[in-house]
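Have a look at the structure below, then the notes.
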There are 2 protein chains.
Amino acid sequence: MTTTAPRRRASISDVARLARVSVGTVSNVLNRPDRVSPATRERVVAAIDELEFVPNGSARQLRAGTITTAGAIVLDVANPFFTDVARGIEDRLDEAGYTLMLASSDEEPEREARYLRLFEEHGVQGVMVVPATDELDHLESLRARGLRVVLLDRPSPSDTLSSVAVDDRAGAAAATQHLVGLGHERLAFLNGPHSIRQCADRSDGIRSALAAADMDPDEALVEVTIRSLNADGGQAGTQRVLALEDRPTAMVCVNDLTALGALRSLRIAGVPVPSGMAVVGYDDVAFAGELATPLTSVRQPTHQLGYRAADLLLDADDTVAHVTFQPELVVRESTTGVG
Amino acid sequence: MTTTAPRRRASISDVARLARVSVGTVSNVLNRPDRVSPATRERVVAAIDELEFVPNGSARQLRAGTITTAGAIVLDVANPFFTDVARGIEDRLDEAGYTLMLASSDEEPEREARYLRLFEEHGVQGVMVVPATDELDHLESLRARGLRVVLLDRPSPSDTLSSVAVDDRAGAAAATQHLVGLGHERLAFLNGPHSIRQCADRSDGIRSALAAADMDPDEALVEVTIRSLNADGGQAGTQRVLALEDRPTAMVCVNDLTALGALRSLRIAGVPVPSGMAVVGYDDVAFAGELATPLTSVRQPTHQLGYRAADLLLDADDTVAHVTFQPELVVRESTTGVG
DNA sequence: TTCGCGTGATGAACCGATTCACAGGGGACG
DNA sequence: CGTCCCCTGTGAATCGGTTCATCACGCGAA
């Protein structure tokens, strides 16, 4: 093994010296090869290969000003919803030859700010952000400083920031219509606190769908607020639903993990699904269709969400746009089965 | 809304002019505030605020040479295994004030190469890579050019590249020992092609564990190769297992999605789990414990994998190390239940 | 032979920061 | 009152590219 000691990275002038040309010529070989005669071009390329020359991006960016990088900040890269979104972003950027810098804010505004600052220092073209707070002033000023900003999974309240979001009201309404159509007259909704916008919107959606079906939301709906939006929360919430005297015949869960806990709780209690209780989830995660009782769920176009966000960011005219996607109800046995 | 037209980004000399000091002084305020008298420091800070000055990272990096960014390339950011790893990387980098540039290669060597090049141009300190190919020469030469390289989920074959991996043989062996200990004498292994290193290693692990238990692997083990490593593949493979004349009493699946398909197939065939067939998965994905029959699975320390990889990358001495993590068998009802 | 022109290469200015040798201005001390 | 030193602040060099005005050269036309 001959690991040569990490030598200093070769610069363009090293190449120029070795090829016996000026740095300007090397630069031309790199960027406008047609302006260089074949003979010298060959010499320069040979020198580049020999020195394993890789141009210094900082220097190039400093002088040329342009850069093909965009940043994205999501709440948590380990969350499948966001990774699908990230994947969509990456795919679109890739088409344009751009690269992505990805980071998680963990819903902490300071982390978000830190990454935004870092992205800005590195001169990214723009950022796509799932905002950690309601307050968007810092994003507005970023925008005013010339960066492109696209809000992710959050409709923009302003006409200066572009946004890409999914219509949470419509998703919840679709689930509700489906259940009402199946004859259910009393529903439970396992939901998180309304301080989370998505939770509030979904609650809204259910209520308006009920109203549209000539049902009184206050009578037909029991909303159970759960602490943690995961399987344990769903299990606990379901126990409370089962204890109600006028027990609902169907449940909507704020996400699939919650629904998973609900199914577990129902199994333990010996309640058959869907005949004893129909269940609808939200997100349509990968395993929703693979459960013992495949789960009816609201699918969000996550990949498209990211793809479109990147699309807006790359838009040549830098126009401000607001895109709202419609979610899609995926019907499976947890509402229509024979169990 | 008064969105001022995107003005040119303020530079350090703009700040200097406004504060009536030299650029050197502004730089000092930024980097060594104690060398500047409180009075001027205040003036400079005021100017910085007024101009919303954000230092140009390219210029800084060009001159100072240092950068606090690292790159990572995984096979697919939408895959939970890799996102957990990425999260571990991010957490460790965050502690050191570093930032991560994350990308997916989709197992395409050209994409991997493109991103590596881009990272190198941007002057990252190092890269963490899940290699898309067996061939590692390009990583060796990256290393020779002074970048730090850490292989992810792949033991390093060389003594110049650091690596962080999980012992796949041990994981498969642990699953096997568990089943043998429960009295199973004939096992099936739903596996992918041995061209995938993980698959080959896990097969090895099972065989050697059987041998260690004084059983003849060729007799006690039926290895079924499935096309796609997902639920459908698992379902199809399980049907083939059930059709065997000397039917095994336990199955090891190469990952949890495959096991999911196996469970579905068994349910359809009316085979109780685990009394009719015990099932073990691999990966211990989030929903493994939430299934109708909670799944016994081999958990890999994904987060630690990434965390440790970043740790090696940040190592002050730049030592080359090879870290191997031991997976852990998580026992649930799919092997020990009463079903 | 001279002039004009196109091709190909040159070299210096420039991007925006960091860094360092150095200058000016007190204050302490003899 | 003169020295020396410390404290601040200055300004120029520098990092590694890109870009552009300029120049050398060769060749065909006049």
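Values quoted throughout were computed directly from the atomic coordinates according to the rules given, and no laboratory measurement underlies them. None of the values given here were measured: they were computed from a predicted structure. Glycine also receives a Cβ, built like all others from the backbone with ideal geometry; neighbour counts cover every protein chain displayed.
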Vicinal HN-Hα couplings computed from phi for the stretch B:34-42 (Karplus, 6.51 cos²θ - 1.76 cosθ + 1.60; Hz; Gly/Pro x):
5, 8, 10, 5, x, 4, 5, 3, 4
Distance between Cα centroids, the stretch A:196-260 to the stretch A:126-171: provide it in whole Å.
28 Å
Output wanted: per-residue J couplings in Hz (rounded whole) for the stretch B:45-53, from phi through Karplus 6.51 cos²θ - 1.76 cosθ + 1.60, θ = phi - 60°, x for Gly and Pro.
4, 4, 5, 4, 5, 4, 8, 6, 5
Amide H neighbours of B:Gly123 at under 5 Å, excluding residues fewer than 5 places away on the same chain, with H built from the backbone geometry, are A:Gly57
If amide H atoms are modeled at 1.01 Å from N in the peptide plane, then the residues at a separation of 5 or more from A:Met251, or on another chain, having amide H under 5 Å from its own are A:Ala188, A:Ala278, A:Val279, A:Val280
Innermost chain A residue relative to the axis carrying A onto B, by Cβ distance in angstrom:
A:Ala292, 2
With each label point set 7 Å from Cα along the Cα-Cβ vector, what nm distance links B:Ala243 and A:Ser13?
7.3 nm
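Per residue, how much space in cubic angstrom lies within the convex hull of the C-alpha atoms of the stretch B:143-294?
Working: hull volume 18.8 nm³, N = 152.
Hull volume over Cα atoms, normalised by residue count, gives 124 Å³.
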Difference of contour (0.36 nm per residue) and Cα-Cα distance, A:Asp134 to A:Ala212
25.0 nm
Go ahead and run the numbers for FRET between B:Asn31 and B:Glu328, Cβ-Cβ distance against an R0 of 56 Å, rounding to 0.05.
0.75
Would you kindly derive the ³J(HN,Hα) couplings of the stretch B:119-135 from the backbone phi angles with the Karplus curve 6.51 cos²θ - 1.76 cosθ + 1.60 (θ = phi - 60°), listing them in order in whole Hz, with x for Gly and Pro?
4, 5, 4, 7, x, 4, 5, x, 9, 10, 10, 8, x, 8, 9, 6, 6
Given R₀ = 30 Å, what would the calculated FRET efficiency be for A:Asp106 paired with B:Thr68, taking r from the Cβ atoms and rounding to 0.05?
0.95
Can you list the copy-to-copy distances for A:Gly270, using a point 7 angstrom from Cα toward Cβ, in nanometres, shortest first?
2.4
Positive end of the charge dipole of chain A (Lys, Arg +1 and Asp, Glu -1 on Cβ, about the Cα centre): tell me which of A:Leu51, A:Ala188, A:Gln61 has its Cα farthest that way.
A:Leu51
Between B:Ala250, B:Ala59, B:Ala170, where does the largest GNM mean-square fluctuation fall for chain B, given springs only between Cα atoms within less than 10 Å?
B:Ala59
How big is D, in µm² s⁻¹, for the stretch A:12-64 by Stokes-Einstein at 10 °C and 1.306 mPa s if Rh is the Kirkwood radius over C-alpha pairs?
144 µm²/s
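Return the Rg/Rh ratio of the stretch A:213-339 with Cα-based radii and a Kirkwood Rh. Kindly include the intermediate steps, with their values, before the conclusion.
Numbers: Rg = 17.6 Å, Rh = 16.1 Å.
The Rg/Rh ratio comes out at 1.10.
Dividing the alpha-carbon radius of gyration of the stretch B:272-314 by 2.2 N^0.38 Å (N being the number of residues), what value is obtained? Numbers along the way, then the final one.
On the way: Rg = 15.1 Å, N = 43, 2.2 N^0.38 = 9.2 Å.
Its radius of gyration relative to the 2.2 N^0.38 Å reference: 1.65.
What's the extension gain from A:Arg197 to A:Glu185 if we count 0.36 nm per residue and subtract their Cα-Cα distance? Each step should come with its number before you reach the end.
Working: separation 12, 0.36 × 12 = 4.32 nm, distance 2.65 nm.
Result: 1.7 nm gained on full extension.
So if we plug the beta-carbon distance of A:Thr160 and A:Arg227 into 1/(1 + (r/R0)^6) with R0 = 51 Å, what FRET efficiency do we get, rounded to 0.05?
Working: r = 37 Å, r/R0 = 0.72.
Rounded to the nearest 0.05, the efficiency is 0.90.
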Given the stretch A:47-153, what whole percent of its Cα pairs are spread farther than 24 Å?
29 percent
Which semi-axis lengths, in whole Å and largest first, follow from the square roots of five times the eigenvalues of the Cα gyration tensor of chain A?
54, 21, 17
Name the shape class, rounded, prolate or oblate, that the alpha-carbon gyration tensor gives for the protein assembly as shown, where a ≥ b ≥ c are the square roots of its eigenvalues, rounded holds for a/c under 1.5, and otherwise prolate holds if a/b is larger than b/c and oblate otherwise.
oblate
At 1.567 mPa s and 4 °C, Stokes D of the stretch B:94-220 from Kirkwood alpha-carbon radius, µm² per second
76 µm²/s
Please give the calculated 222 nm ellipticity per residue for chain B, where each DSSP H segment of at least 4 residues contributes -39500 (n - 2.57) and the sum is spread over every residue; nearest 500 deg cm²/dmol?
-14000 deg cm²/dmol
